[in-house]
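Student: My structure is below; once you've seen it, I'll send some questions.
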Amino acid sequence: MPHRLMLIDTASLYFRAFYGVPDTIRRADGTPVNAVRGLLDMIARLTTDYDATHLVACWDDDWRPHWRVDLIPSYKAHRVAEAVAGAPDVEVVPDALKAQIPMIRRVLELAGIAVVGAAEHEADDVVGTYASHAEVPVDVVTGDRDLFQVVDDARQVRVIYTARGMKNLEVLTDVVVVGKYRVLPEQYADYATLRGDTSDGLPGVAGIGEKTAAALLGEYGTLDALLSAAAEAGSGVSASVRSKLAAAGDYLKVAPAVVKIVRDLQLPTLEEAGAQLRPVVGDSRAELERLGNEWNLGGSVKRLLKALDRRQ
């Protein structure tokens, strides 16, 4: 079977699992296990349906890096539960989900699934680095539009978008991104910078919405080229757009560094990370099956093991 790498935005998936599976599903001690169950089922289905041979669960070692916040203080500010001096901010996470995250790490470890994060960076940056340097086709699984910027037909990188639920997955290629937003994937970061994104606390340029942002990038290609044209008195940039860009000048100087995904992190190779999917055997299989029973994970462990058993 030809190799195919799957990169999952792990937090995006376990949040979706938490809200998509009833939290009445609990261990004997009362701890909810809905996110654990849901995530395992997602991984089993996704790796099977999309023929993944390698998988990396990309992790938020720092979901709100201070270097991004230093540039744009509003970045993800609405998600902060607690600001911690000298350490990553604490994200608003329901207690019922927070209790399940160590369980998720444990079952992924027992299943032999690679978990990779990077200090002072988000899972998106881990995804971006692996996707940009992979020598095999890549499927990125996320509910986050920011990752649309990594779509690249020439390199066989696509995004499997989960925002409409696991029953309505959308596979994004170059053509699909253009059809949805009227910009190329490589323009998406500039588009998001201009348009803004309330889900990430990015204000955008006041008065420039999706249609105008797409039209401007369609004409000028990049944000840098647009700003250069706006600075020239004789260019075709309208007075109204010039005024809006000028008013947002300070924001536009820093926003691209925040919005653009990092693609050059020093990460373990796929081999070093143990990304190749394999059947779970021996003590790890026995322990995973034991925890499946003890933690009331139902058939999710069996379905994951079956999916991994296909990788003989």
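The values are calculated or read from the model by the stated rules, or taken from the named source; none is laboratory data. Nothing here was measured: the structure is a model prediction, and the numbers come from that model. Positions of Cβ are generated from backbone atoms using ideal geometry, with glycine treated the same way; all protein chains shown enter the neighbour counts.
Student: Does the range 222-236 include one or more residues that are surrounded by 15 or more Cβ atoms within 10 Å (Cβ to Cβ), in contact with a Pro (Cβ under 6 Å, 6 or more places away or on another chain) and modelled with pLDDT of 95 or more?
Tutor: no
Student: What are the residues in the range 13-55 that are more than 19 Å from ARG290 (Cα to Cα), modelled with pLDDT of 95 or more and acidic (Asp, Glu), if any?
Tutor: Result: ASP49, ASP51.
Student: Do you know which of the residues in the range 130-161 that are under 12 Å from the mean Cα position of the chain (by Cα) and of a type in the set (S, T, N, Q) is farthest from TYR14 (Cα to Cα)?
Tutor: So the residue we want is GLN149.
Student: Conditions: (1) farther than 25 Å from ALA247 by Cβ; (2) buried (at least 23 other Cβ atoms within 10 Å of the Cβ). ASP152 meets all but one. Number of the miss?
Tutor: Of the numbered conditions (1) farther than 25 Å from ALA247 by Cβ; (2) buried (at least 23 other Cβ atoms within 10 Å of the Cβ), the odd one out for ASP152 is (2).
Student: From (1) out of contact with any helix residue (DSSP H, G or I) (no Cβ under 6 Å at 6 or more places or on another chain); (2) among the hydrophobic types (A, V, I, L, M, F, W, C); (3) part of a helix (DSSP H, G or I), pick out the condition that doesn't hold for ALA233.
Tutor: (3)
Student: For the range 43-63, does any single residue satisfy the condition of being among the basic types (Lys, Arg) and over 26 Å from ASN168 (Cβ atoms)?
Tutor: No, every residue in the range 43-63 fails to be among the basic types (Lys, Arg) and over 26 Å from ASN168 (Cβ atoms).
For (1) of a type in the set (Val, Ile, Thr); (2) surrounded by fewer than 18 Cβ atoms within 10 Å (Cβ to Cβ), each residue gets a yes or a no:
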residue	(1), (2)
TYR251	no, no
PRO256	no, yes
GLN266	no, yes
GLU272	no, yes
ARG278	no, yes
VAL281	yes, yes
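Student: I'd like the full set of residues that are free of Cβ contacts under 8 Å to residues at least 40 places away in the same chain and under 18 Å from ALA44 (Cβ atoms), limited to the range 85-142.
Tutor: ARG105, GLU109
Student: In the set ALA214, ALA257, which member is in contact with a Phe, Trp or Tyr (Cβ under 7 Å, 6 or more places away or on another chain), assigned to a helix (DSSP H, G or I) and not charged (D, E, K, R)? So that I can check it myself, show each step before the final result.
Tutor: Values: ALA257 fails: in contact with a Phe, Trp or Tyr (Cβ under 7 Å, 6 or more places away or on another chain).
Every option except ALA214 fails the conditions.
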